[in-house]
1. What is the diffusion coefficient of the stretch 82-127 in µm²/s, taking the Kirkwood radius over Cα pairs and the Stokes-Einstein relation at 37 °C with a viscosity of 0.692 mPa s?
2. Might you report the magnitude of the Cβ-based charge dipole of the chain about its Cα centre, with Lys and Arg at +1 and Asp and Glu at -1, to the nearest 20 debye?
3. Going by average Cβ neighbours within 10 Å, how do the peptides 48-57, 109-118 rank, with the highest at the top?
4. Each label point is 7 Å from the Cα along the Cα-to-Cβ direction; what then is the distance between the points at E10 and K99, in nm?
5. Given contacts defined as C-alpha pairs under 8 Å and at least six residues apart, what's the relative contact order of the stretch 1-129, whole-number percent?
6. Given that compact globular proteins tend to follow 2.2 N^0.38 Å, what is the ratio of the alpha-carbon Rg of the stretch 7-126 to that value?
7. Can you tell me which aspartates and glutamates have their Cα less than 14 Å from the Cα of K98? Leave out same-chain residues fewer than eight positions away.
8. Might you report the magnitude of the Cβ-based charge dipole of the stretch 80-171 about its Cα centre, with Lys and Arg at +1 and Asp and Glu at -1, to the nearest 20 debye?
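None of the figures in this text is laboratory data; all of them are computed from the coordinates on show. Predicted, not measured: the structure shown is a model, and the values here were computed from it. Cβ sites come from the backbone with ideal geometry, for glycine too, and all protein chains shown count toward neighbours.
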Amino acid sequence: MGPVERISYEVDGAIRRIGLNRADKRNAFDLTMLRELSEAFTRYDDDDAARCAVLFAHGDHFTGGLDLAEVGPHVKAGGTLFPEGRVDPLGIVGRRVKKPVIMTAQGWCLTIGVELALAADIRLAAEGTRFSQLEVGRGIFPFGGATLRMPALTGWGNAMMVLLTGDVFDA
C-alpha cells in the first residue's frame with residue numbers, strides 16, 4: 001500500500017471536492033501537499049465537466065499553516081512551491097484557476113489557510129473557526145497574497161490590525 005495522498009479529490013456531478021488530507025498534522029502544508037493541491041486545482045480547471053470546486057479539510061482543523069521545517073528552507077533557497085504550468089491555488093504566480101472555488105473552514109485556519117480563503121471566490125466557516133495570519137510573530141512575511149487581498153476585502157484598518165499583530169479572529 002502506497003502513502004496516503006495529502007489532497008483528496010472527489011467528483012460529485014459538476015462539483016469537485018478538493019480536501020486537505022493530513023489531519024494527523026493538522027493539515028500543515030509540506031512541499032508534497034502544496035504540489036498535490038496545485039495538481040488538484042489544475043485537474044479541476046482542465047475538466048470541462050467541472051463547474052465549481054469546494055476546498056475543504058478532513059479532520060478537526062482546516063490547517064495549522066505551513067510545515068516551516070520543510071517549506072522554510074526551500075523558500076529561502078529560492079525554490080518554487082507549485083509545479084511550472086500548473087495552477088497556483090493562491091493565484092499569485094503563473095497559472096490561475098478560471099472557475100469558481102468555494103472554501104469551507106473549521107477549527108484552526110492559519111497562515112496559508114487564510115491566504116487560500118482570500119483567494120477563494122466564496123468563503124464559509126463553521127461556528128467557532130479561528131483564523132490567524134501569525135507570520136509577524138515569527139518575523140516572516142506572509143507570501144501568499146494576504147497583504148494585498150485582505151485590505152481589499154476587509155478594509156485597510158481591519159487588515160492592518162490582523163496583519164501587523166497576528167491576532168486571532170473569527171468569522
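1. Values: Rh = 11.4 Å.
For these conditions, the coefficient is 288 µm²/s.
2. On the way: 19 positive and 22 negative charges, 52 e Å.
That gives a dipole near 260 debye.
3. Details: 48-57: 17.3, 109-118: 26.4.
Ranked from most to least packed, the peptides come out as 109-118, 48-57.
4. If labels sit at E10 and K99, their model points lie 1.7 nm apart.
5. Details: 254 pairs, mean separation 31.7, N = 129.
Relative contact order here is 25 percent.
6. Details: Rg = 13.4 Å, N = 120, 2.2 N^0.38 = 13.6 Å.
Normalised by 2.2 N^0.38 Å, the Cα Rg of the stretch 7-126 equals 0.99.
7. Output for K98: D45, D46, D47, D48, D88, D121.
8. Numbers: 9 positive and 8 negative charges, 70 e Å.
Result for the stretch 80-171 is approximately 340 debye, rounded to the nearest 20.
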